[in-house]
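Dumping the structure here so I can ask a few things about it.
The values are calculated or read from the model by the stated rules, or taken from the named source; none is laboratory data. Quick caveat, the model's predicted, so the values are computed rather than measured. Cβ coordinates were reconstructed from backbone atoms using ideal geometry, including for glycine residues, and neighbour counts include every protein chain displayed. We work out accessible area using only protein heavy atoms, side chains counted, and drop any ligands, DNA or RNA first. Shrake-Rupley method; radii C 1.70, N 1.55, O 1.52, S 1.80 Å.
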Amino acid sequence: MLIDLDHRDKVISAAIEAIGKTSISGHRISNGWATEQHFYFYFETNIPFISAKQITKNGRHKLLLTFPEKTHNLLIKVGMSAVDEAGARKNVETEIPAWSFDELRAETVAKWNQELGKINIQGESRDFMVNFYTALYHSYLNPNIFSDVDGRYRGRDNKIHSLDNSKYSQYSVFSLWDTYRAAHPLFTITQQKRTNAFVQTFLRQFDQGGDLPVWELAGNETECMIGYHSVSVIADAYLKNLRDYDGNKALNAMIFTSKIDELGKSYFRSNGFISAGDEPESVSKTLEYAYDDFCIAMMAKALGNNVAQYDYTRSSLNFINLFDPKSKFMRARRGGMWYSPFDPSEVNFNYTEANSWQYSLYAPHAVDALSELMGGKDSLEVWLDRLFTTEMKLTGREQADITGLIGQYAHGNEPSHHMAYLYNYTNAPHKTQAIIDRIQNEMYRPLPDGLSGNEDCGQMSAWYVMSAMGLYQVTPGHPFYDFGRPMMNEATIELETGKNIIIKALNNSARNKYIQKVTWNGKEMTDMGITHDVLMNGGELIFTMGEAPRIMVSTHPGSALKAADVERSGFIAPPFFENEERIFDDKHTITIGHHPFISRNNEWLFNSTQKNSISIEYRFTDQPDSIYSYIKPFEINKSRSIEARTSIRVFTMSAAYDHESQWVRADYTQRDQSIQLNLKTEYAHQYAAAGPNTLIDGMQGGSEFRTGDYQGFFDKDIIAEVEFKEPRVLKEIGLSCLQDMKSWIFFPSEIKIEYSYDGEHFEELPTIVTNFKYASNAFTPEMIPSFSTYVGSMTQDFYRQTNTTKPIRKIRVIAINYGQCPDWHLGAGNSTWLFADELIFR
């Protein structure tokens, strides 16, 4: 028998030791997704082994055990711990004291049946029953208990802590970007004690690690994915009266985490949005931070903290700042300008694992306000119709997570999960029922490949569990469940309080997918949803189903923040510059717009007998004290930087007050028309930067390729010529490039530079051979201790001196693509990218 401690992560240390003739203990400390993952084990056999031989080769640690030749049945018990080997031994001795495999299996099956049986389902088909209970099982696989049976655990500070007789275990594996959407709301119904334990875990991790978890694994914060969605889990629990923890401590931790200067949070707070040039995935981060701030506002409201409630309600509306009224999509901005070019189906680094189709409805806490931005309920319905029926195909970069497509709706990835329920917020809630029916039937099948996307620690399955029962919480942090399309005939949910929720779907069948009537404890409901408090009181929820849609008039109180709340919050959206081209030739007409929501009926928040005055003001940055009122488009005829803001004069019964948004800036560059660029290589659309003249616009990017300042060329050489209308003396000629090897972006292998005095006959400068020795196939990461630093992002100006005083008319730069990823690279054998931001001629 061979025990192998090999691991795909880098092994920092590992050891295996035989203890007597029936026991083995060991550990592995590895560095990978979790920065420092400690794994300790204690391994016991029911038959003594004859010998134990340790083998270490190429950093791999193995132990070869030899048993008697006549051994037929070998039983093995393994205990695991993140604390130490003694903890692993105590765990296995406590949890598996006997040697009966059948008894242990029966005990495990009984525990799972007890847990799964708390939702007792009756369906119309075996496939549905298999689907449902498989989904429920998947939903409960994470998070995992991380503390040992003696209460010890490894904390976020990598120190050993003790729970000190706490009634709650320490947990690990919090994939919160995924699971806050449906898994944790499900837990607030069926796993209330564990939900309190999860929040307690969060607060201990805050004490030890300095912030609330984003994506925690094995006591490590991986910082995988975006947002600070632990605040969603905490607020949702607290507002559902799951409060076995210090609420004020939780709120302080939520506020502190939201203000840490990282991942664009400071830009979000100061500017009201994150600019594409300041942080990658700027749209997704802005939208998700806004939702998280709503959760903080609701927590503050419940605790009576009026200042925090006001501040975070206002910042929760920052999603408005990225809504483009013309296209009706959420778009990236460059300060005051819209990021261009724009294609809603393009997958790029302005969005997290998605495109604009899949993020433009991400304001789950303010669907009414989003609907108003789009033009009202009917406009939202039309937008949803387009989403589910468009024939547009995905463009841009490859993103394996975008699967399960219906139109541009992507059920295989989490940002889309609430969208089908948004028809409930229109005048056509029956369309929610139809599309939920389709998703459940097409995206969930009782087969090995039956899911449309990654399980993501139970979120994909939790969506099905909730939806199959006819319920879904669009806005965690707002305890309201939307009605959808119940698939079961009857479900009984046994609550930890001893009460039961009975859900029935009468006249239910594959054909009868539309709700005709809903009753709660015998009383007919007009709303397309139910609150958590009402549901937890126990009772009977009955859906009567039918074949034809019933056009229901629904008051639907479910939208957490409404249009009136926007006005009450004091939120003012900054304006935006409608000109999307940053570079112009002779003159440029500047047009400044503002969001229609701000000027709805030209009213503001106070009782007033007068209409309130809304205007846009602008100024040139080289004349900051001269502020102009924007009346109509104006022209500029030279490079200018312009700032603009929204100004609102509010009239009350007794006075008038001025309120302004923050200034937003747009930089316009007049192209030097004496220079002509002929770029003979086509750049990738998703890495277009400022467009055709990017390489001569005089603006260099930073060290982050995802912010849109670089042009990207995949598996291509760059061939560029620059002609000067009037020949000029040049001292240096070259190209500015970026390298980020982990993203398959390599410096060019060599750069050829030529120049011509007459524009026809060229002379060559010595070829630049980048010759980065660590990028060769002969290199392996073990050769240098700072490999992780080396493969990080870096920029470099590559140039040659001309050594001539004669005026030059034309230059030619040829950057040779690196080729295939080297053998040591994870992408070995695949083509590479070449990224450049500026031609050098000076």
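Identify the residue in region 47-97 that is of a type in the set (Lys, Arg) and free of Cβ contacts under 8 Å to residues at least 40 places away in the same chain and, among all such residues, is nearest to Arg154 (Cα to Cα).
Of all residues in region 47-97, those of a type in the set (Lys, Arg) come to 53, 57, 60, 62, 70, 77, 89-90.
If we keep only those that are free of Cβ contacts under 8 Å to residues at least 40 places away in the same chain too, we end up with 53, 57, 70, 77.
Values: Lys53: 31, Lys57: 30, Lys70: 42, Lys77: 23 Å.
Within region 47-97, the match that is nearest to Arg154 (Cα to Cα) is Lys77.
Suppose the filter is in contact with a Gly (Cβ under 7 Å, 6 or more places away or on another chain), open to solvent by less than 10 Å² (accessible area, probe 1.4 Å), farther than 17 Å from Tyr171 by Cα and at pLDDT below 95; does Ala235 pass it? First the steps, then the outcome.
Working: in contact with a Gly (Cβ under 7 Å, 6 or more places away or on another chain): yes; open to solvent by less than 10 Å² (accessible area, probe 1.4 Å): yes; farther than 17 Å from Tyr171 by Cα: yes; at pLDDT below 95: no.
So Ala235 fails the test.
I'd like to know if region 25-40 contains one or more residues that are touching a Phe, Trp or Tyr at 6+ places or on another chain (Cβ under 7 Å) and not small (Gly, Ala, Ser).
At the first step, the residues of region 25-40 found to be touching a Phe, Trp or Tyr at 6+ places or on another chain (Cβ under 7 Å) are 25-28.
Then drop every residue that is not not small (Gly, Ala, Ser), which leaves 27-28.
Checked against the condition, which is being touching a Phe, Trp or Tyr at 6+ places or on another chain (Cβ under 7 Å) and not small (Gly, Ala, Ser), region 25-40 yields at least one hit.
Does Asn427 satisfy being open to solvent by 10 Å² or more (accessible area, probe 1.4 Å), more than 23 Å from Phe294 (Cβ to Cβ) and outside any loop (DSSP other than H, G, I, E, B)?
Values: open to solvent by 10 Å² or more (accessible area, probe 1.4 Å): yes; more than 23 Å from Phe294 (Cβ to Cβ): yes; outside any loop (DSSP other than H, G, I, E, B): no.
Against the criterion (open to solvent by 10 Å² or more (accessible area, probe 1.4 Å), more than 23 Å from Phe294 (Cβ to Cβ) and outside any loop (DSSP other than H, G, I, E, B)), Asn427 does not qualify.
When Glu442 is evaluated against the numbered criteria (1) under 30 Å from the mean Cα position of the chain (by Cα); (2) crowded, with 16+ Cβ neighbours inside 10 Å, which criterion, by number, is the only one it fails?
Condition (2) is where Glu442 drops out.
In addition: Which one is farthest from Gly470 (Cα to Cα), of the residues in region 425-458 that are at pLDDT 95 or above and polar (S, T, N, Q)?
Asn441
A further question on this structure: Looking for something over 21 Å from Asn512 (Cβ atoms), among the small types (Gly, Ala, Ser) and either open to solvent by less than 10 Å² (accessible area, probe 1.4 Å) or in a loop (DSSP other than H, G, I, E, B) (or both) - is there at least one such residue anywhere in region 483-497? Spell out how you get there, then give the answer.
First, the residues of region 483-497 that are over 21 Å from Asn512 (Cβ atoms): 492-497.
Filter once more, keeping what is among the small types (Gly, Ala, Ser): none.
No: zero hits.
Next up: Please verify whether region 170-183 includes one or more residues that are open to solvent by 50 Å² or more (accessible area, probe 1.4 Å) and either farther than 30 Å from Gly450 by Cα or not in a strand (DSSP E or B) (or both).
Applying the first criterion (open to solvent by 50 Å² or more (accessible area, probe 1.4 Å)) to region 170-183 yields none.
No: region 170-183 contains no residue that is open to solvent by 50 Å² or more (accessible area, probe 1.4 Å) and either farther than 30 Å from Gly450 by Cα or not in a strand (DSSP E or B) (or both).
Here's something else I'd like to know. Can you tell me how many residues in region 511-526 are surrounded by fewer than 18 Cβ atoms within 10 Å (Cβ to Cβ), touching a residue at least 24 places away in the same chain (Cβ under 8 Å) and not β-branched (Val, Ile, Thr)?
Number satisfying all stated conditions: 4.
While we're here: Please name all residue pairs, on different chains or six or more residues apart, with Cβ atoms under 9 Å, provided the first residue is in region 564-578 and is of a type in the set (Ser, Thr, Tyr) and the second residue is surrounded by fewer than 23 Cβ atoms within 10 Å (Cβ to Cβ).
Ser569/Tyr310; Ser569/Arg314; Ser569/Leu605
Mind checking which residues of region 792-819 are of a type outside the set (S, T, N, Q) and in contact with a helix residue (DSSP H, G or I) (Cβ under 8 Å, 6 or more places away or on another chain)? Full working, then the answer.
Taking region 792-819 and keeping what is of a type outside the set (S, T, N, Q), we get 792, 794, 797-800, 806-816, 818-819.
Those that are of a type outside the set (S, T, N, Q) and in contact with a helix residue (DSSP H, G or I) (Cβ under 8 Å, 6 or more places away or on another chain): Gly792, Tyr818.
Restrict the check to region 265-286 and report whether at least one residue is in a helix (DSSP H, G or I), of a type in the set (Val, Ile, Thr), closer than 21 Å to Arg706 by Cβ and in contact (Cβ under 8 Å) with a residue 40 or more places away in the chain. Full working, then the answer.
Filtering region 265-286 down to residues in a helix (DSSP H, G or I) leaves 265-271, 282-286.
Subsequent filtering for residues that are of a type in the set (Val, Ile, Thr) retains 283, 286.
So of that shortlist, the ones also closer than 21 Å to Arg706 by Cβ come out as 283, 286.
When the remaining residues are screened for being in contact (Cβ under 8 Å) with a residue 40 or more places away in the chain, the result is 283.
Taking every residue of region 265-286 in turn, at least one turns out to be in a helix (DSSP H, G or I), of a type in the set (Val, Ile, Thr), closer than 21 Å to Arg706 by Cβ and in contact (Cβ under 8 Å) with a residue 40 or more places away in the chain.
Turning to a different aspect of this structure: From the list Ala300, Ala308, Ala290, Ala276, exactly one residue is touching a Gly at 6+ places or on another chain (Cβ under 7 Å) and among the small types (Gly, Ala, Ser). Which is it? Spell out how you get there, then give the answer.
Values: Ala300 fails: touching a Gly at 6+ places or on another chain (Cβ under 7 Å); Ala308 fails: touching a Gly at 6+ places or on another chain (Cβ under 7 Å); Ala290 fails: touching a Gly at 6+ places or on another chain (Cβ under 7 Å).
Going through Ala300, Ala308, Ala290, Ala276 in turn, the sole match is Ala276.
Could you say which residue among Phe319, Phe323 is at pLDDT 95 or above, open to solvent by less than 10 Å² (accessible area, probe 1.4 Å), within 16 Å of the chain's Cα centre (by Cα) and farther than 26 Å from Gly453 by Cα?
Details: Phe323 fails: within 16 Å of the chain's Cα centre (by Cα).
The conditions single out Phe319.
Go through region 445-486 and give me each residue that's more than 23 Å from the chain's Cα centre (by Cα) and more than 18 Å from Tyr425 (Cβ to Cβ).
If the condition is that a residue be more than 23 Å from the chain's Cα centre (by Cα) and more than 18 Å from Tyr425 (Cβ to Cβ), then Arg445, Pro446, Leu447, Pro448, Asp449, Gly450, Ala468, Met469, Pro486 are the ones that fit.
I'm trying to understand the selection: among the residues of region 805-837, which are open to solvent by 20 Å² or more (accessible area, probe 1.4 Å), assigned to a strand (DSSP E or B) and not basic (Lys, Arg)?
Of everything in region 805-837, those that are open to solvent by 20 Å² or more (accessible area, probe 1.4 Å), assigned to a strand (DSSP E or B) and not basic (Lys, Arg) turn out to be Ile814, Ile816, Gln820, Ser831, Trp833.
This table checks each residue for (1) at pLDDT 85 or above; (2) closer than 25 Å to Gly701 by Cα; (3) part of a loop (DSSP other than H, G, I, E, B).
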residue: Gly759; (1), (2), (3): yes, no, yes
residue: Tyr774; (1), (2), (3): no, yes, no
residue: Phe779; (1), (2), (3): no, no, yes
residue: Asp797; (1), (2), (3): yes, yes, no
residue: Asn803; (1), (2), (3): yes, no, yes
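When the residues of region 472-502 are filtered to those that are among the hydrophobic types (A, V, I, L, M, F, W, C) and touching an Asp or Glu at 6+ places or on another chain (Cβ under 7 Å), which remaining residue is nearest to Phe543 (Cα to Cα)?
Residues of region 472-502 that are among the hydrophobic types (A, V, I, L, M, F, W, C), as a first pass: 474, 480, 483, 487-488, 491, 493, 495, 501-502.
Going one step further and asking which of them are touching an Asp or Glu at 6+ places or on another chain (Cβ under 7 Å), we end up with 474, 502.
Numbers: Val474: 20, Ile502: 11 Å.
Selected residue: Ile502.
Could you grab me the full set of residues in region 720-740 that are more than 30 Å from Arg333 (Cβ to Cβ), among the aliphatic types (A, V, I, L, M) and open to solvent by less than 60 Å² (accessible area, probe 1.4 Å)? Spell out the reasoning first.
Our first condition is that a residue be more than 30 Å from Arg333 (Cβ to Cβ); within region 720-740, this holds for 721-734.
This time we only want the ones that are among the aliphatic types (A, V, I, L, M), so: 722, 729-730, 733.
Scanning region 720-740 gives Val722, Leu730, Ile733.
Assigned to a helix (DSSP H, G or I), over 19 Å from Pro574 (Cα atoms) and among the basic types (Lys, Arg): does that describe Lys249?
Details: assigned to a helix (DSSP H, G or I): yes; over 19 Å from Pro574 (Cα atoms): yes; among the basic types (Lys, Arg): yes.
Yes: the conditions hold for Lys249.
Right, next: When you go through Phe543, Phe571, Phe597 one by one, which is the residue that is of a type in the set (Phe, Trp, Tyr), at pLDDT 90 or above and either crowded, with 18+ Cβ neighbours inside 10 Å or under 30 Å from Pro692 (Cα atoms) (or both)?
On the way: Phe571 fails: at pLDDT 90 or above; Phe597 fails: at pLDDT 90 or above.
Phe543 is the lone residue from the list that is of a type in the set (Phe, Trp, Tyr), at pLDDT 90 or above and either crowded, with 18+ Cβ neighbours inside 10 Å or under 30 Å from Pro692 (Cα atoms) (or both).
Somewhere in region 553-565, is a residue part of a loop (DSSP other than H, G, I, E, B), open to solvent by 10 Å² or more (accessible area, probe 1.4 Å) and either touching a strand residue (DSSP E or B) at 6+ places or on another chain (Cβ under 6 Å) or over 26 Å from Ala428 (Cβ atoms) (or both)?
Among the residues of region 553-565, not one is part of a loop (DSSP other than H, G, I, E, B), open to solvent by 10 Å² or more (accessible area, probe 1.4 Å) and either touching a strand residue (DSSP E or B) at 6+ places or on another chain (Cβ under 6 Å) or over 26 Å from Ala428 (Cβ atoms) (or both), which makes the answer no.
While we're here: Among the residues of region 248-262, write down those that are touching a residue at least 40 places away in the same chain (Cβ under 8 Å) and open to solvent by 10 Å² or more (accessible area, probe 1.4 Å).
Correct list: Asn248, Lys249, Ile255, Phe256, Ile260.
Right, something else. Residues that are touching a helix residue (DSSP H, G or I) at 6+ places or on another chain (Cβ under 7 Å) and open to solvent by 20 Å² or more (accessible area, probe 1.4 Å): does region 351-362 have at least one? Break it down stepwise before answering.
In the first step, residues of region 351-362 are kept if they are touching a helix residue (DSSP H, G or I) at 6+ places or on another chain (Cβ under 7 Å); the result is 351-352, 354, 357-359, 361-362.
Of the ones still in play, those that are also open to solvent by 20 Å² or more (accessible area, probe 1.4 Å) are none.
No, there is no match, as no residue in region 351-362 is touching a helix residue (DSSP H, G or I) at 6+ places or on another chain (Cβ under 7 Å) and open to solvent by 20 Å² or more (accessible area, probe 1.4 Å).
With respect to Pro476, determine if the residue is crowded, with 24+ Cβ neighbours inside 10 Å and closer than 25 Å to Val173 by Cα.
On the way: crowded, with 24+ Cβ neighbours inside 10 Å: yes; closer than 25 Å to Val173 by Cα: yes.
In short, yes.
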